[in-house]
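Structure, as structure tokens:
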Amino acid sequence: MVNLLGTFDGMVVTVALPAIQSDLGLDPLSGQWIIGLHSLALGSVLITAGRLGDKWGRRRCVISGLIVVAGGLTLAAVAPSPAFLFVARALQGFGSGLAIPNIFGIVSSYPDAGVRTRTMAAIAVAGSSGSVLGGVVGGALMQAGNWRLVFGAIVPVALGSAVLCLVSLPKDRPDRQSRAPGVVGAGLVFVAVLLTVQTITSLSDLDSLSWTVLIFVVGTVGAWLAVVMHLRRSPNPIIAPRVLHVRSLQAAALGMPGQVFAYQGSVYLCLLGFQEVYDWSPLKSGVAFAPLGLTCLLTSLVVSRIIKDRGWRRTTLISQTLCTLGLFAIAASWLFGYGIAALGLALLGIGIAISAVTYNLAAGINIDTDDKATAYGFFETSTHLAGAVVVAVLASSLALSASLPTSAQFTVAFMVAGLGCISMTIASMVRDPREQVLYEETRSSS
């Protein structure tokens, strides 16, 4: 339910984005913060949330996070101004950040490898269902009323998910001996993430590059250097060095942003493009996006067998190649019609489902049980920071190509997304874990 809620929220908000921008008087570059701030807030607390879960209880953190998400959704539904909506979206992000690493930490702690793989596949099924439902339901809600219904309708889902977690998740066994995460480390990570996204956004306006942008660039580099120094010298670092030295986690953290380019890029650009290029309604746009969710859902049902029969390197390379081909197909579709886009979305759905499960398994497979949530906090930080950066990069691409016809703007943006996808896949190969780790453990339990 946690994963379904996250993907559902992302889809319905993206469907409603043009209407929100119009109603609140936001340009596309400012409007991307409606999505970007959620990812930014989420990414900034994931590592701290994982540490909190390992110390005080993962189930407790999941339930608390869902309650915070419900509060943020309620505020977004009544937001009177852009600033108020930005704050509400950030609150949603903080709540999601508290829940996500801990739910993955719980799953990755299951002793049976087969159960872990099937549960990760089930999470992928839930996420795929959210993609299908989010586009259609979001479009229907926009047809029935205004964008505020989009946020209000998700509140009962969030609260229901909290109740479901309360009765179904195993009781906490917190680690009373470990120390709580330090405020300094959490603050440094938050500032570094914030400056990274702001720098990307500032660089989009090449006509107004100034010393302010240079200050952001220098500040971003300095903030990440401070994070590195904290990890090396602090007696109580935000994440233990032993976790960061696990090669399978490194590879997953490097590769997952490529999948984010594929999924987040297609969600953001398709749902905007269908409305702006084809002048389709939000409902029609959501239905037109359904091939991705449907193929992702079907692939998720068999992905555990695909992983069992293939090694890490081959599985990852094939899945991300499919994602890249899908993005390039959609880039061409603005010239040749929706049929090519539907094919591209189907390829994306297959690739996204396989890579999501593979990367999530790799992230935690070699991590000590007491560090599971912390490791997934790091992994999800790279994922959701990439989400904020991807939206900023693609919004910047649209802004920089504003002099071109609208269809050409989206063609360029999809080409950028495709290049980002394959580049991060290649980067993950550099930190490739042992070829047979995922294969052997999964196969031995089947």
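Every number in this text was worked out from the coordinates using simple rules, so none of it is lab data. Treat the numbers as computed from the prediction; the structure is a model and nothing was measured. Here the Cβ positions follow ideal geometry from the backbone for every residue, glycine too, while neighbour counts run over all protein chains shown.
Placing pseudo-labels 7 Å out from each Cα toward the beta carbon at L214 and D370 gives an inter-label distance of 4.9 nm.
What does the charge add up to near S285, with Lys and Arg as +1, Asp and Glu as -1, over the other residues with Cβ less than 15 Å from its Cβ?
Details: positive: K284; negative: E276, D279.
Taking every Cβ under 15 Å from that of S285, the sum is -1.
Only Lys, Arg, Asp and Glu carry charge here, each on its Cβ (+1 for the first two, -1 for the last two); on that basis the stretch 265-416 has a dipole of about 440 debye about its Cα centre. Applying 0.36 nm per residue to the separation of R313 and V163 and subtracting their alpha-carbon distance, the gain on full extension is 50.1 nm. For the stretch 390-407, 3J(HN,Hα) computed residue by residue from phi via the Karplus equation (6.51, -1.76, 1.60; θ = phi - 60°) reads 4, 4, 5, 5, 6, 5, 5, 4, 5, 5, 5, 9, 4, 6, 7, x, 4, 4 Hz, glycine and proline entered as x.
The modelled label-to-label distance for the pair L301/M415, using points 7 Å beyond Cα in the direction of Cβ, is 3.8 nm.
Amide H contacts of F289 (H built 1.01 Å from N, in plane; Pro and chain starts excluded): no residue 5 or more places away or on another chain comes under 5 Å.
Debye-formula intensities of the stretch 280-426, expressed as log10 I(q)/I(0) at q = 0.20 Å⁻¹, are -1.33 (one equal scatterer per alpha-carbon, no solvent). Charge tally for I100 (other residues, Cβ to Cβ under 15 Å; Lys, Arg +1; Asp, Glu -1): +2.
For the stretch 92-97, backbone phi angles converted through the Karplus equation (6.51, -1.76, 1.60; θ = phi - 60°) give residue-by-residue couplings of 4, x, 4, x, 4, x Hz, Gly and Pro being listed as x.
Karplus-based coupling profile of the stretch 367-375, in residue order and whole Hz: 9, 4, 4, 6, 10, 4, 5, 4, 4, with θ = phi - 60° in 6.51 cos²θ - 1.76 cosθ + 1.60 and x standing for Gly or Pro. As a calculated quantity, the FRET efficiency between A19 and R233 at R0 = 41 Å, using C-beta atoms, amounts to about 0.25. With both labels modelled 7 Å from their Cα along Cα-to-Cβ, the T406 to T321 distance reads 3.7 nm. Using alpha carbons only, how many angstrom separate the centre of the stretch 339-358 from the centre of the stretch 42-113? Comparing the Cα centres of the stretch 339-358 and the stretch 42-113, I get a distance of 27 Å. Charged neighbours of I35, selected by a Cβ distance under 14 Å, balance to 0 (K, R count +1; D, E count -1).
Only lysines eight or more places from K171 in sequence, or on another chain, were considered; those with a Cα closer than 27 Å are K55, K372.
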